[in-house]
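See structure below.
No value in this document is a laboratory result; all are computed from the given coordinates. What you see is a predicted model, and the numbers here were worked out from it, not measured in a lab. No Cβ is skipped: glycine too gets one built from the backbone with ideal geometry, and neighbour counts run over all protein chains shown.
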Amino acid sequence: MSKATVTIRHVAERAKVSTATVSRVLNNNPCVRQRTRQTVLEAIDSLGYKLNVVARSLKTSRTHTIGVLAPDLSGDFFMFIAESMNRELARRGYSLVVGTSQSSEEEEAKQVRHLAERLVDGIVLIPVGGSNAYLPQISDFNIPIVFVDRILKGYRADKVLVDNEEGACKAVSALIGEGHHRIGYLGGNPEVTTAEERYKGYCRAMKEAGLEIEQKYVRFGNPTLPFGYRAMEDIIKDPYSPNTWFIVNIFTHLGATNYLISEGEERTRQITFASFDEMPYSPLLRYCRYAVQQPIAEMGKAAANLIIDRIEGIGPPEPQTLRFKTRLIQHKLVR
C-alpha cells in the first residue's frame, strides 16, 4: 500500500479502534485515553498516514489556522508574543500565520481582510492605532478576533492586556523615591490605548508626589528608535531639560540611549531612565534604572486559548478582558 492511499480507516484497522477514535486523536480531543492515543499515533507513524488538511477543512469548515497581525515584527515584544502563542496553539492542534501591518492603519485593514479571505479560523490583532472603522466589515466573515496589548475602542472582542497605568506609575514613583523631582516623559501616540494608559500612570505618580509636570518636557510621537533618538538629541540641546525621563517603550528607549552613547557629552552621565519593556538586554542599557516587565509568555498563552475557546464555542458568550499585572525591575546604572 502506498502512503498516498492510506486512509483514516486503515489507521483504525491497524490500531483496532473506530475511525471516530482516530479522528478524535487527530483533533487532539482530550477525552481520548493516553494509551489509546499512543496506539493510534503508532499506527499513523507505521502506515505513514498524512492528514489531508484541505479535505478536512472542506468537511469541517475550519482550517485550524490562526492569523496574528502586529504593527511590526522586528521588535522583541511582538515576536515573543507570537512565539508563546505558537507553542499553545500547537498543543491544541492549531497552526499560526503571522503578518505585519507595517504600522499603517490602511495596511492593517487590508491584512485583516486578507487573513479572513484565507479562511483562518480566528485573528489575534495588535492594532496600530485607535481607528476601528474597517472592523465592522470583518463581521461579515463571522471570524472571532482577540486584541492583545492594545484595543480598538468601541469594538466588542476578547482582550489580553496589562495594567499599563499601574506599571508606569510604579516606575515613576520609584524614581521619585530616589530623589528625582524633575521627570520628563517620552511617549507614544495618545490615540493608542497603551500610550494613553502609560501617560496616565506617569501623571498619577507626579500628582501623588506633588510634583509639577513640565509640559515642555512631555513629548509624544510614533514610539520608534528614530523618535527616541531625535527627541533625546533635541532634549540635550536644552540646558534646562530634566536629567530624568520615563520612556513609553523599548524602541524609544533604545533610540534615546543610542543618541546619548554616540554624543559622549559630559552631561549624559547624569541621565536616568525608567522605561516600559524589560528585555533580556535591558541591564546593558546604561541609563536604565527601572524597567517595567510585562508577562509576555502568559499573554501569548492567554490569547491563544481565548481565540480557540471562542472558535470552539467554549466559555462565556460575552467578551472577556484579561489584564495582567506588571513587575518593576531595578538595574544598576552604568556610568
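Structure data summary
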{"quantity": "Dipole of the chain [Lys/Arg +1, Asp/Glu -1 at C-beta], most positive-end residue of 44, 306, 177", "calculated": "44"}
{"quantity": "Sorted by Cβ density within 10 Å, fewest first, the residues 241, 18", "calculated": "18, 241"}
{"quantity": "Test item: Cα-centred dipole of the chain, Lys/Arg +1 and Asp/Glu -1 on Cβ, debye", "calculated": "1460 debye"}
{"quantity": "Region 60-152: chymotrypsin sites (Phe, Trp or Tyr not before Pro) falling in loop per DSSP and having at most 16 other Cβ within 10 Å", "calculated": "134"}
{"quantity": "Order of 100, 244, 321 under a 10 Å beta carbon neighbour criterion, fewest first", "calculated": "321, 100, 244"}
{"quantity": "Translational diffusion coefficient (Stokes-Einstein; Kirkwood radius from C-alpha pairs) of the chain at 37 °C, 0.692 mPa s, in µm²/s", "calculated": "147 µm²/s"}
{"quantity": "Volume in Å³ per residue [convex hull over Cα atoms, computed for region 74-152]", "calculated": "90 Å³"}
{"quantity": "Range of Cα positions in region 102-198 per principal axis (Å), largest first", "calculated": "56, 22, 20"}
{"quantity": "Simple Cβ-charge dipole of region 144-217, Lys/Arg +1 and Asp/Glu -1, about Cα centre, in debye nearest 20", "calculated": "140 debye"}
{"quantity": "Cα-centre dipole for region 164-295 with unit charges at Cβ (Lys and Arg positive, Asp and Glu negative), debye to 20", "calculated": "160 debye"}
{"quantity": "Low-density loop positions, GluC sites (Glu not before Pro), region 237-310 - DSSP coil, at most 14 other Cβ in 10 Å", "calculated": "265"}
{"quantity": "Helix 105-117 axis, angle to the chain major axis (alpha carbon atoms, nearest 10°)", "calculated": "10 degrees"}
{"quantity": "Orientation-averaged projected area, Cα convex hull of region 164-295 (nm²)", "calculated": "7.3 nm²"}
{"quantity": "P(r) of region 3-51 over all Cα-Cα pairs, binned every 5 Å from zero, in whole percent", "calculated": "4, 27, 37, 22, 7, 2"}
{"quantity": "Convex hull volume of region 232-335 per residue (C-alpha atoms, cubic angstrom)", "calculated": "121 Å³"}
{"quantity": "Rounded to 5, the percent of DSSP beta bridges in the chain classed as antiparallel", "calculated": "10 percent"}
{"quantity": "Residue among 282, 192, 270 farthest towards the positive dipole end of region 164-295, charges placed on Cβ", "calculated": "270"}
{"quantity": "Least to most buried among 181, 10, 253 (fewest other Cβ within 10 Å first)", "calculated": "181, 10, 253"}
{"quantity": "Taking all pairs of distinct alpha-carbon atoms in region 279-332, Kirkwood radius in angstrom", "calculated": "13.6 Å"}
{"quantity": "Restricting region 216-312 to chymotrypsin sites (Phe, Trp or Tyr not before Pro) in coil, as DSSP defines it, with at most 11 other Cβ within 10 Å", "calculated": "240, 281"}
